[in-house]
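These notes concern the structure reproduced below.
The values are calculated or read from the model by the stated rules, or taken from the named source; none is laboratory data. Because the structure is a prediction, the values reported are computed rather than measured. Glycine also receives a Cβ, built like all others from the backbone with ideal geometry; neighbour counts cover every protein chain displayed.
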Amino acid sequence: MSAWDAGRPILTAGETRAAEQALFDGGMSVEALMARAGAALAELVWRHAGPVDTLIVCGPGNNGGDGYVAAALLRRLGMTVRVAALAAPRTDAARHARDGWGGAVEAFAESAPATVLVDALFGTGLTRGLDTAVATKLAALAAAATVTIAVDLPSGIATDDGAVLTEGLPRFDLTLALGALKPAHRLRPAADHVGRVVVGEIGIPTDATGLRELARPRLSAPTAADHKYSRGMVAVAGGAMPGAALLAATAAQRAGAGYVALSNGAGGGPMALVHRPLEALIDDKRVGALAIGPGLGRDSAARDILAVALGSARPLLVDADALVLLGQPGLKRLGALEAMAILTPHEGEFAKLFPGIASDRLSRARAGAARSGAVLLLKGSDSIVAHPDGRAVIAPAAPAWLASAGTGDVLAGTIAAMRARGLDAFDAACAGLWLHGEAARIAGPALIADDLAAALPRALEQCL
Ligand SMILES: NC(=O)C1=CN([C@@H]2O[C@H](COP(=O)(O)OP(=O)(O)OC[C@H]3O[C@@H](n4cnc5c(N)ncnc54)[C@H](O)[C@@H]3O)[C@@H](O)[C@H]2O)[C@@H](O)CC1
Ligand SMILES: Nc1ncnc2c1ncn2[C@@H]1O[C@H](COP(=O)(O)OP(=O)(O)O)[C@@H](O)[C@H]1O
Ligand SMILES: [K+]
């Protein structure tokens, strides 16, 4: 199964509306779909919070409608539940849901806090930040609650680009994503506010999505028929700073490559690492991935090494200094290569490589992939892998302990090992990214890049 098929779908607000419309066109009513959403919400509240006093705050749209439906169900279970409304329902379905609740509806501005706060103010229909008074009240209710639950999305974040539109927005404990994940559940800074995300399956079709969540890769263990080259041969083109290239090479070994060769290394590293000149590697058809950039430097020698690598027919992974040196001619060259290349920039490198692409991270990653004709992995705490055809995968937040020198070099080596074992560029980037995040979890607090490489085998074990 490819990384694409394995990941949970992520729908934008527009795609969600279209998916819901497909159900309505098939004869389902809005009320019936809302009944499913409200039931999923009631179950979540019941399971995670238990029979304690609950306040559900409802907005004017269908997000509020979900809140009324859940309130009625929870009352039936014997829970102490109160409802507060920001405004009267504006949709037929939400009005129907409020009628179904039938109980008292407090004014949001005056509502007293409860142990559990359920935010059903706004979901995918939010068009701007919350008014200050509303934001302040929501924050106060959240601060006074023991458990905070957001319906679909915390009210006050943009669904599609991960922007937080509201100052002082609470960080929720739990978010019930209705039908599918939305980009905001995974893109920062919005993702910082969602807490644990549970997807409530309400039956909306998700196959039209162009975006998925990063999933654990399925990788096979070597068999009796394997030999070192069939497991994947990685070449790392070193340069001015041998430590970084050594980290990438070691990571490739620990990620399961059968043969790793380093050029321009200063010696050192594991005995199993082979030191060979780059010229001897670029024509070696057994090389399944050539990684260039970590420790390359930016001087004329580095440019020469990059030119040699770009002239090779080996599948390329371009990282760090090589991204900065690449420039527009290098990008053109990459796009023309037979084997699709992988680019792994962080934000700074991305900005240098693609001046003028200024929008949200997801759009930037996609635009960079489209422009370069290469798979682009935009690094960060919410790393994104984008294919030139528009598909993209977002990784759930990785441990922030990764913010440490050399961890990007380890990522480059890990992805190179995946590429060399035969995965296509997109799957290799996804698999390497997953292993990297998992290795970080295993290595734990205050990890250094060396620990990360050492933890890769235990991450790999989980994929076999
Ligand atoms: N369409 C459906 O059948 C279903 C929708 N679902 C729920 O419905 C939500 C989407 O519903 P809606 O499209 O009605 O949108 P919302 O309920 O998110 O809110 C839309 C309303 O809020 C107003 N509004 C937007 N931003 C505002 C702001 N900052 N301040 C004040 N008012 C603002 C809009 O003018 C509109 O009246 C989803 O997130 C989900 O919770 C679920 O019930 C599943 C079924
Ligand atoms: N705050 C953070 N939370 C999670 N992951 C992070 C964070 N900061 C950096 N990372 C990850 O750590 C790695 C750093 O790579 P990079 O910026 O290339 O550093 P270096 O060049 O020192 O190796 C990337 O995989 C990135 O996604
Ligand atoms: K909400």
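Across region 66-107, what is the number of residues that are in a loop (DSSP other than H, G, I, E, B) and of a type outside the set (Ser, Thr, Tyr)?
Here is the first cut: in region 66-107, the ones in a loop (DSSP other than H, G, I, E, B) are 77-80, 86-91, 102-105.
In the following step, the residues that additionally are of a type outside the set (Ser, Thr, Tyr) were identified as 77-79, 86-90, 102-105.
Number satisfying all stated conditions: 12.
Would you say residue 37 is crowded, with 24+ Cβ neighbours inside 10 Å and assigned to a helix (DSSP H, G or I)? Write out each step before concluding.
Numbers: crowded, with 24+ Cβ neighbours inside 10 Å: yes; assigned to a helix (DSSP H, G or I): yes.
It is true that residue 37 is crowded, with 24+ Cβ neighbours inside 10 Å and assigned to a helix (DSSP H, G or I).
If residue 118 satisfies every condition in (1) over 19 Å from residue 87 (Cβ atoms); (2) within 12 Å of ligand 1 (Cβ to nearest atom); (3) not aromatic (Phe, Trp, Tyr) but one, which is the exception?
(1)
Among the residues of region 52-90, write down those that are of a type in the set (S, T, N, Q) and within 16 Å of ligand 1 (Cβ to nearest atom).
Looking only at region 52-90, we keep the residues that are of a type in the set (S, T, N, Q), and these are 54, 62-63, 80.
Within region 52-90, 62, 63 meet the criteria.
Quick one: which strands (runs of 3 or more DSSP E) lie wholly within region 165-244 and hold at least 2 residues that are surrounded by fewer than 18 Cβ atoms within 10 Å (Cβ to Cβ) and away from ligand 2 (no atom under 16 Å from the Cβ)? Talk me through it step by step, then tell me what you get.
Numbers: elements: 174-178, 196-200, 211-213, 233-237.
Correct list: 196-200.
Just to check your reading of the model, which residue among 440, 386 is more than 26 Å from residue 336 (Cα to Cα), more than 16 Å from ligand 1 (Cβ to nearest atom) and assigned by TED's automatic domain parsing to the domain that holds residue 242?
Values: 386 fails: more than 26 Å from residue 336 (Cα to Cα).
Step by step, each of 440, 386 is checked, and only 440 is more than 26 Å from residue 336 (Cα to Cα), more than 16 Å from ligand 1 (Cβ to nearest atom) and assigned by TED's automatic domain parsing to the domain that holds residue 242.
Hey, can you tell me all the residues within region 111-129 that are in contact with a Lys or Arg (Cβ under 9 Å, 6 or more places away or on another chain) and more than 11 Å from ligand 3 (Cβ to nearest atom)?
111, 112, 114 - these are the residues of region 111-129 that are in contact with a Lys or Arg (Cβ under 9 Å, 6 or more places away or on another chain) and more than 11 Å from ligand 3 (Cβ to nearest atom).
Looking only at strands (runs of 3 or more DSSP E) that fall completely inside region 295-414, which ones have 3 or more residues that are of a type outside the set (S, T, N, Q) and within 30 Å of residue 193 (Cα to Cα)? Write out each step before concluding.
On the way: elements: 316-319, 342-344, 375-378, 384-386, 392-394.
Of the strands (runs of 3 or more DSSP E) lying wholly inside region 295-414, those with at least 3 residues that are of a type outside the set (S, T, N, Q) and within 30 Å of residue 193 (Cα to Cα) span 375-378, 384-386, 392-394.
Got at least one residue in region 275-284 being within 28 Å of residue 458 (Cβ to Cβ), touching a residue at least 12 places away in the same chain (Cβ under 8 Å) and surrounded by fewer than 21 Cβ atoms within 10 Å (Cβ to Cβ)? Show your work before the answer.
Of all residues in region 275-284, those within 28 Å of residue 458 (Cβ to Cβ) come to 275.
Remaining after also requiring touching a residue at least 12 places away in the same chain (Cβ under 8 Å): 275.
From what is left, the residues that are surrounded by fewer than 21 Cβ atoms within 10 Å (Cβ to Cβ) are 275.
Among the residues of region 275-284, at least one is within 28 Å of residue 458 (Cβ to Cβ), touching a residue at least 12 places away in the same chain (Cβ under 8 Å) and surrounded by fewer than 21 Cβ atoms within 10 Å (Cβ to Cβ), which makes the answer yes.
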